[in-house]
Amino acid sequence: MLRAIHQIEETSEQATKASASLSKTLKQQDKMFAIIGHELRTPAAALNMQLNELQLKEQQNQQVKEAHATSQHLLEVLDDMRVGTDTSLIMESRVETQLSVYRLIKEASHTLFYTADRFGIDIQVRGMSDDLHVGYKKQIRQIIINMTKNAIVHSQGTQVILDLSYTSAEDQTNYQLQIIDNGKGIPDKDVERLFEAFERGDTKASGTGLGLHISRELARSLSNGDLVFSPNPEGGAIFTLSFTLKQAKHEEAAAAAAKEHAIKGKKILLVEDTATLRMLGKTILTREGAEVVDVENGQLALDAYSKQSFDLIITDIMMPIMDGYELTETLRSWGATLPIIGVTGATVGNEADNLLAKGADRVMPKPLNLDQLETALKEIEAN
């Protein structure tokens, strides 16, 4: 009996040590993810915002449009990394906007043209629906990009077809998009495994093993959404994306185009240490009618706050001298009740949760997005 008790105590002690070691490792990994996410996303966000500004000036320049779409794809890859560690994040920062599914498909095919050319793949788009709908544009675009790129890179075929079909009923439309390749196909025994995170099939091409997993999770977060596999009778694979969108009424579309942004007339304190992001952030906020004071760290933000009043603070988190954590915590300790919204590059670790714990109202990924900002402000006001 004594021997058994001793063995139990030894096992318990070993388990405690193992748990402590695992906890330390997870904390180190989380910190590493945050740093990697920040270092990658900050320049990617700056590039995306610069190309967006250039696109506004040169709306007819197709190369600028494609470069902007490519930078958006890079940001979505970083989002894939983040969701790959926690699928509950799929529901975060979702914004309903007007969209055309057909245009999203065409944009995806243009974005991946050079990749397809490198792999000797011919991309075709079939079917057409230019009607405007209301839905989660970013998520739908991400699925289309992920699945099309998968077919190009991994199918080992010569052709990828994006075949769009739909049925309309009352005020909504049921869409089906088939991503069809003529490659080597997928063995039945591997199908379900390949839908899991970080799993890869028999392919020589590089990849994270996240595209298919994330795409199905995103699809199932949409209304009546799903992503399913079926073998191509002519050889290859078919992935069918299905979802339902609300139709946009013409009068609502006109009203949405004419309405003022929620930040119009507000005085905003913008805190960002990256000069390019600070400049571009101030530009897009000012364009929507806000008065903006921009500073490069938390200490300067406190100095500005102590001298004048603001309606909203938008702050980066990782900054020199004083970071967003200390800034937020200090402001709340001073009794500040105005909305504080974090905008961060470190979207892979738990930086957002930490800032919320310090008293921030919302945290959004870089780059600063006006639609997400408006949604956040409405949610804060409603609460």
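The values are calculated or read from the model by the stated rules, or taken from the named source; none is laboratory data. Everything numeric in this text was worked out from a predicted model, so none of it was measured. Here Cβ is always computed from backbone atoms with ideal geometry, including for glycine, and neighbour counts include all displayed protein chains.
Of all residues in segment 108-126, those satisfying the criterion of being surrounded by fewer than 19 Cβ atoms within 10 Å (Cβ to Cβ) and farther than 18 Å from residue 155 by Cα are 110, 126. Scanning segment 174-205 for residues that are in a loop (DSSP other than H, G, I, E, B) and of a type in the set (A, V, I, L, M, F, W, C), we see that the one that is modelled with the highest pLDDT is 186. For the subset of segment 149-178 comprising residues that are within 21 Å of residue 119 (Cβ to Cβ) and among the small types (Gly, Ala, Ser), which member is nearest to the chain's Cα centre (by Cα)? Result: 151. Taken together, the criteria exclude residue 291 from residues that are under 21 Å from residue 380 (Cβ atoms), among the acidic types (Asp, Glu) and at pLDDT below 90. Across segment 129-184, the qualifying residues are those that are over 20 Å from residue 214 (Cβ atoms) and acidic (Asp, Glu), and the one among them that is surrounded by the fewest Cβ atoms within 10 Å (Cβ to Cβ) is 170. Out of 374, 288, 381, 351, one residue alone is closer than 30 Å to residue 137 by Cβ and free of Cβ contacts under 8 Å to residues at least 12 places away in the same chain. It is 381. Would a scan of segment 248-268 turn up a residue that is buried (at least 20 other Cβ atoms within 10 Å of the Cβ), at pLDDT 90 or above and closer than 30 Å to residue 323 by Cβ? Among the residues of segment 248-268, at least one is buried (at least 20 other Cβ atoms within 10 Å of the Cβ), at pLDDT 90 or above and closer than 30 Å to residue 323 by Cβ, which makes the answer yes. Of the numbered criteria (1) of a type outside the set (Val, Ile, Thr); (2) modelled with pLDDT of 90 or more; (3) assigned to a loop (DSSP other than H, G, I, E, B), the one residue 93 fails is (2). Taken together, 327, 300, 338, 312 contain a single residue that is under 25 Å from the mean Cα position of the chain (by Cα), within 14 Å of residue 269 (Cα to Cα) and not small (Gly, Ala, Ser), which is 312. Being part of a helix (DSSP H, G or I) and at pLDDT below 65 is a description that does not apply to residue 110.
Of the conditions (1) at pLDDT 95 or above; (2) farther than 21 Å from residue 260 by Cβ, residue 352 fails just one. Which one is it? All conditions are met except number (1). Taken over segment 115-172, the criterion of being outside any strand (DSSP E or B) and under 19 Å from residue 221 (Cα atoms) is satisfied by 136, 137, 138, 139, 140, 141, 142, 143, 144, 145, 146, 147.
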